[in-house]
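Below is one structure, written out as structure tokens; the observations come after it.
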Amino acid sequence: MLARRVLGTSRRAALGSVEAALGGLKSIWGSSQRFCSSLPKGVTYRELKNLLNSKSIMLIDVRDTWEILEHGKIPGSINIPLDEVGEALQMSSRDFKEKYHEVKPSKSDSLVFSCFAGVRSKKAMDTAISLGFNSVQHYAGGWKEWVTYEVTEKKQEN
């Protein structure tokens, strides 16, 4: 009987601790949901097209140079291969301009990264965020999706 009381008491204490911990997680989850909406996200084909037309972003294609030469690129994008992104975003403005023939983006400029299918662009976005860039997105569909939509739109125009 004593064992039951001890076990019953310790079980209630343990359950109380678990409930308190879960309550803490609920409050953390509730507060984190507010931040999730401001986290960087992937843009759709249509959103990217509108952003490019408005000239409000710098689109950085992180594929290797040979991929750009072989497959083409999204008009208006600049090529900075993924393995150069971290270094490029930390270059002096003069060195960036000399190497990439574009004005170096500031940490408050809007950047969108693209690649072939969205994997490397996500990595580049994470690199930019870690360097303090705060308006960063990636085109999850990449070149593969862009070409598909462009061909479809051209067919619809004819």
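The values are calculated or read from the model by the stated rules, or taken from the named source; none is laboratory data. Note that this is a predicted model, so its numbers are computed, not measured. These accessible areas exclude ligands, DNA and RNA; they are computed on the full protein's heavy atoms, side chains included. Shrake-Rupley method; radii C 1.70, N 1.55, O 1.52, S 1.80 Å.
At 1.4 Å probe size, with every protein chain present, just tell me what the per residue accessible area of region 36-99 comes to in Å². Display every interim value, and only then the final one.
Numbers: 3790 Å² over 64 residues.
For region 36-99, the solvent-accessible area averages 59 Å² per residue.
From the protein chains alone at 1.4 Å, what is the descending order of accessible area for 125, 91, largest first? It would help to have the intermediate numbers written out before the result.
Values: 125 5, 91 30 Å².
Ranked from most to least accessible, the order is 91, 125.
Suppose accessible area is computed on protein heavy atoms with a 1.4 Å probe; arrange 89, 69, 82 from highest to lowest.
Numbers: 89 10, 69 145, 82 50 Å².
Highest to lowest solvent-accessible surface, that is 69, 82, 89.
Largest first, how would 94, 46, 63, 120 line up by accessible area (1.4 Å probe)?
Values: 94 170, 46 120, 63 0, 120 60 Å².
Most to least solvent-accessible, the answer reads 94, 46, 120, 63.
Within the accessible area of region 97-156, what % is carbon and sulfur when the probe is 1.4 Å and the other protein chains stay in place? Display every interim value, and only then the final one.
On the way: 1820 of 3340 Å².
Ligands and nucleic acids excluded, carbon and sulfur reach 54 percent.
Please report, in whole Å³, the volume per residue of the convex hull around the C-alpha atoms of region 54-158. Show your work: numbers first, answer last.
Working: hull volume 10.8 nm³, N = 105.
In region 54-158, the Cα hull volume divided by residue count equals 102 Å³.
Can you work out ³J(HN,Hα) from phi for every residue in region 130-136, in order, using Karplus 6.51 cos²θ - 1.76 cosθ + 1.60 and θ = phi - 60°, giving whole Hz and x for Gly and Pro?
Ordered by residue, 3J(HN,Hα) equals 5, 8, x, 6, 10, 10, 10 Hz.
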